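The values are calculated or read from the model by the stated rules, or taken from the named source; none is laboratory data. Please read these numbers as outputs of a predicted model, since none were measured by experiment. All Cβ positions, glycine included, derive from the backbone under ideal geometry; neighbour counts span all protein chains shown.
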Amino acid sequence: MRVNFYATLRTAVGQKTVELSLPDGSSAQALAHEIARRWPALADRVVDAEGGISRRVHFMLGGRNIRWLPEGAATKLAATDVIDVFPPTAGG
Amino acid sequence: MDLQSFGQSMAHVDLGAGDVEIRPAPDEWVRKFIGARGLGVRYVLEAGPDVEALSPENLLCFVNGPLTGSETSMSGRWACVTKSPLTGTVTDSHQGGWAGARLRWAGLDGIIVSGRADSPVYLFVEDGKIELRDASEVWGKGIHETVAFFQKRYGKKNLSVNAIGPAGETLCRFAAWLNEDDRAFGRGGTAAVGGSKNLKAIVIRAGTQKSRDVDADAWKKVRRQALDRIRDEKNITSPKKGGLSVYGTNVLMNVTNSIGALGTRNSQLTSFGERAEAISGEYVEQNILVGDPTCHACPVACKKEVEIKQGPWKGLHMESVEYEPAWALGANCDNDDIASVAKMIDQCNDLGMDPIELGNALSMYMEASEKGWVEGNGLAWGDTLAMIAMTDAIARREGEGDLLAEGPARAAEQLGHPEIAMACKGQAVPAYDPRGLKGMGLGYATSNRGACHLRAYVAAAELGVIDVEVDPLEWQGKGELVKVFQDLHAFSDSLDLCKFSAFAEGADEYAAQYAVARGEPFTADDVMLAGERIYNLERYYNNLAGFGEGSDTLPARFTREASTQAGSKGHVSELDQMLGEYYSVRGWKDAVVPEDKLRQLEIP
């Protein structure tokens, strides 16, 4: 699946877009753990102390924060999905 | 400077008579309405809600808050409050930089301007005194040249120049004051009120002063608590680490685009697709960023100074590429050329105009041109050279620019198609599409100064930036949330602290700092009560000015034309349902404050 990183997360990853190989049907939570494994400096920003998705990161699937999808962190991802990953962002 | 005596030194300037008098604000007003926004609205009410905005009788109030210029973080703010020539409502707009702080250090808490001068004048403020001086040499000049003129005359050290440009002089209805070249009283057309009074500038000279009359230990403690929140790495305000500090406000571009909340082509679409990246904060940071300027007492440094390195505007050095103008002049106009966006923001800074209103005027005219509804040459989507030429024409009211200088709402009305103006109460919408961020839409509709993102920044909850986190597509519960944000911001705008302080601080921190500054107990509940009182005072003014039941609306595009793009696809704004909730928690009858509510809140 294709993962796009934004803002300070992009700086840590070093590029905007990364292709990650996760089994079809992997959960959004599994994606968070894969990101933490690939980029240890991001571990505490994407995974919380209980192993869930941290509140300090937002995974967008089809423009929807997975937090608001019915299955939340357990939302299943397809190999063809594009995920946008943001740190908290606001301004105005 | 003395914090506890805030409100004792209000300068009243009658431009017609040439008189200046310094006297205190009524104690009751300061107690009830705090300062800056709240106190300013109370003054403006004195001229009567029927006053014509561009008449000598309208009051133009420049008001500090009780914390302006103090050592408190993010306290470099002051307010300009008047009756708006754009909306006909009361309006307030806030500047950063140092002008407000220097006014305080010069010994004044505010300047209340009335009348009209026979010829162009400026106000010179120093050592507790304020004088009218001849401005004929700079009338007609751009703001950059005006600032340079006064810096040459008075020296750069400790000097703030708050000026109007040609757009204010020609009474463009969205003309803006700017200080130090680039910090704006942006919204509501306050500089047209300055132009109508022949007031070109306020020049302030004052060195830094420290607060003298507070409990030093308590003052240090409450300021430290607030600063710790701002510095906390989990907050976006964290210096050099948080997204707001690193990328500035334009860190928002990609996220609103991703969730289908980035109005595009005059809000006909809700996403700019892959092209948003080219006008985003990430792109700016990687390609054209050259500096991170800041305001008085602010460790966040969200301003972004850029230099254009190629193309027709190569060498342009300016600040600041913010999210709002990057959206208004970018995606909203189908333009993904960041250099042209920077050029037009700099034009706004020099001509003295609000870039949000400008971008909406241009995008409305582009849609009208595409549909064959204009008589002149019209304007094509994303035609940057034509946009830049039109920006100049608007400020000078030349050709088709004269129509657009009226603002998009009036201009669309004159074209016979009011439905293509994306405006509430005559003021154009900012950069959050109400179909993708439902609470922001309710905030636009119920804002007392016309469409505005800063009256209730519900996006902080809808985007998951603060502890309270809500689904942006859910309408239920947004009525109560919008009220809480409106009341909290009404208070912080009256202190006057930067709106971005709310990303790290809350009512507890505001109350603690205000209590020490005033030398009196003040609680978080008092914060929310004062904020509610100020919000209701504004609504009371607007009700008297003719904004009654049915006046809280959104453009039909947001309530009837469903989004077709990812994130918000299929959604419209459920405004009527949200308004029902909102009026219930406000205790209002539709858009009107009832008598019992006024009595309960001791208004006016």
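May I ask you to verify whether B:Leu67 is part of a helix (DSSP H, G or I) and either surrounded by 18 or more Cβ atoms within 10 Å (Cβ to Cβ) or polar (S, T, N, Q) (or both)? No. Within region B:261-273, being more than 18 Å from A:Gly91 (Cβ to Cβ), within 24 Å of the chain's Cα centre (by Cα) and within 12 Å of another protein chain (Cβ to nearest Cβ) holds for one residue alone: B:Thr270.
Name every residue in region B:247-270 that is without any contact (Cβ under 8 Å) to a residue 40 or more places away in the chain and within 21 Å of B:Leu362 (Cα to Cα), in order of residue number.
Looking only at region B:247-270, we keep the residues that are without any contact (Cβ under 8 Å) to a residue 40 or more places away in the chain, and these are B:254.
Of everything in region B:247-270, nothing turns out to be without any contact (Cβ under 8 Å) to a residue 40 or more places away in the chain and within 21 Å of B:Leu362 (Cα to Cα).
Summed over region B:279-291, the residues that are more than 14 Å from chain A (Cβ to nearest Cβ) and surrounded by fewer than 19 Cβ atoms within 10 Å (Cβ to Cβ) give a count of 2.
Residues considered: B:Ala342, B:Ala276, B:Ala326. Of these, the only one that is more than 14 Å from every other protein chain (Cβ to nearest Cβ), in a helix (DSSP H, G or I) and buried (at least 21 other Cβ atoms within 10 Å of the Cβ) is B:Ala342.
Pairing residues of region B:455-483 that are closer than 14 Å to B:Tyr444 by Cβ with residues that are of a type in the set (Lys, Arg) and assigned to a loop (DSSP other than H, G, I, E, B), at Cβ distances under 8 Å and at least 6 apart in sequence or on separate chains, gives B:Arg455/B:Arg449.
Identify, please: which residue in region B:563-588 is more than 14 Å from chain A (Cβ to nearest Cβ) and hydrophobic (A, V, I, L, M, F, W, C) and is, among those, nearest to B:Ser267 (Cα to Cα)? Don't jump to the end; show me each part of the working.
So the first thing to find is which residues in region B:563-588 are more than 14 Å from chain A (Cβ to nearest Cβ), and the list is B:572-588.
Narrowing the set further to residues that are hydrophobic (A, V, I, L, M, F, W, C) leaves B:572, B:575, B:578-579, B:585, B:588.
Details: B:Val572: 12, B:Leu575: 17, B:Met578: 21, B:Leu579: 22, B:Val585: 30, B:Trp588: 31 Å.
Once the filter is applied, the top-ranked residue is B:Val572.
B:Thr237 meets all of the listed conditions (1) away from every other protein chain (no Cβ under 14 Å); (2) closer than 28 Å to B:Cys348 by Cβ but one, namely (1).
Of everything in region A:1-44 that's charged (D, E, K, R) and away from chain B (no Cβ under 14 Å), which residue is surrounded by the most Cβ atoms within 10 Å (Cβ to Cβ)? Give the derivation first.
The first filter runs over region A:1-44 and keeps only residues charged (D, E, K, R), leaving A:2, A:10, A:16, A:19, A:24, A:34, A:37-38, A:44.
If we keep only those that are away from chain B (no Cβ under 14 Å) as well, we get A:19, A:24, A:34, A:37-38.
On the way: A:Glu19: 8, A:Asp24: 11, A:Glu34: 17, A:Arg37: 11, A:Arg38: 13.
Across region A:1-44, the extreme among qualifying residues is A:Glu34.
Residues satisfying the criterion are absent from region B:351-372 (criterion: among the small types (Gly, Ala, Ser), modelled with pLDDT under 95 and outside the structural domain of B:Ala176 (by TED's automatic domain parsing)). Selection within region B:304-322: residues that are closer than 24 Å to A:Leu9 by Cα and part of a loop (DSSP other than H, G, I, E, B). The member of this set that is nearest to the other protein chains (Cβ to nearest Cβ) is B:Glu322. Restricting attention to region A:54-68, does a residue exist that is more than 28 Å from B:Ser501 (Cα to Cα), away from chain B (no Cβ under 14 Å) and assigned to a loop (DSSP other than H, G, I, E, B)? No, every residue in region A:54-68 fails to be more than 28 Å from B:Ser501 (Cα to Cα), away from chain B (no Cβ under 14 Å) and assigned to a loop (DSSP other than H, G, I, E, B). Restricting to region B:538-583, and then to whatever is in a helix (DSSP H, G or I) and among the hydrophobic types (A, V, I, L, M, F, W, C), can you tell me which residue is surrounded by the fewest Cβ atoms within 10 Å (Cβ to Cβ)? Checked region B:538-583; the qualifying residue surrounded by the fewest Cβ atoms within 10 Å (Cβ to Cβ) is B:Ala556.
Kindly check whether there is at least one residue in region B:76-99 that is under 27 Å from B:Val429 (Cα atoms), among the hydrophobic types (A, V, I, L, M, F, W, C), touching a Ser or Thr at 6+ places or on another chain (Cβ under 8 Å) and not in a strand (DSSP E or B). Scanning region B:76-99, I find no residue that is under 27 Å from B:Val429 (Cα atoms), among the hydrophobic types (A, V, I, L, M, F, W, C), touching a Ser or Thr at 6+ places or on another chain (Cβ under 8 Å) and not in a strand (DSSP E or B), so the answer is no.
On the stretch given as region B:1-35, residues that are surrounded by fewer than 17 Cβ atoms within 10 Å (Cβ to Cβ) and closer than 15 Å to B:Leu103 by Cα total 3. For region B:27-54, the candidate set comprises residues that are assigned to a loop (DSSP other than H, G, I, E, B) and within 15 Å of B:Ser5 (Cα to Cα); within that set, the residue that is nearest to the chain's Cα centre (by Cα) is B:Gly35. Only one entry of A:Val85, A:Val47 meets the criterion of being within 14 Å of chain B (Cβ to nearest Cβ) and either within 23 Å of A:Gln15 (Cβ to Cβ) or in contact with a Phe, Trp or Tyr (Cβ under 8 Å, 6 or more places away or on another chain) (or both), and that entry is A:Val85. In the set B:Ala409, B:Ala301, B:Ala380, only one residue is under 19 Å from the mean Cα position of the chain (by Cα), farther than 20 Å from B:Pro166 by Cβ and outside any helix (DSSP H, G or I); that residue is B:Ala301. In region B:246-258, the condition of being surrounded by fewer than 19 Cβ atoms within 10 Å (Cβ to Cβ), within 14 Å of another protein chain (Cβ to nearest Cβ) and either over 30 Å from B:Met422 (Cα atoms) or among the acidic types (Asp, Glu) (or both) is met by no residue. Assess whether B:Asp487 counts as being in contact (Cβ under 8 Å) with a residue 24 or more places away in the chain and either away from chain A (no Cβ under 13 Å) or out of contact with any helix residue (DSSP H, G or I) (no Cβ under 9 Å at 6 or more places or on another chain) (or both). Criteria met by B:Asp487.
The set of residues in region B:158-190 being of a type in the set (A, V, I, L, M) and either modelled with pLDDT under 95 or surrounded by fewer than 24 Cβ atoms within 10 Å (Cβ to Cβ) (or both) consists of B:Leu159, B:Leu171.
So which residues in region B:446-469 are surrounded by fewer than 21 Cβ atoms within 10 Å (Cβ to Cβ) and either under 22 Å from the mean Cα position of the chain (by Cα) or within 9 Å of chain A (Cβ to nearest Cβ) (or both), if there are any at all? B:Leu454, B:Ile466, B:Asp467, B:Glu469 - these are the residues of region B:446-469 that are surrounded by fewer than 21 Cβ atoms within 10 Å (Cβ to Cβ) and either under 22 Å from the mean Cα position of the chain (by Cα) or within 9 Å of chain A (Cβ to nearest Cβ) (or both). Among the residues examined, B:Arg31 does not qualify as of a type in the set (Lys, Arg) and touching a strand residue (DSSP E or B) at 6+ places or on another chain (Cβ under 9 Å). Return the residues of region B:296-355 that are in contact with an Asp or Glu (Cβ under 7 Å, 6 or more places away or on another chain) and of a type in the set (Gly, Ala, Ser); say none if nothing qualifies. Passing the criteria: B:Ala297, B:Ala301, B:Ser320, B:Gly330.
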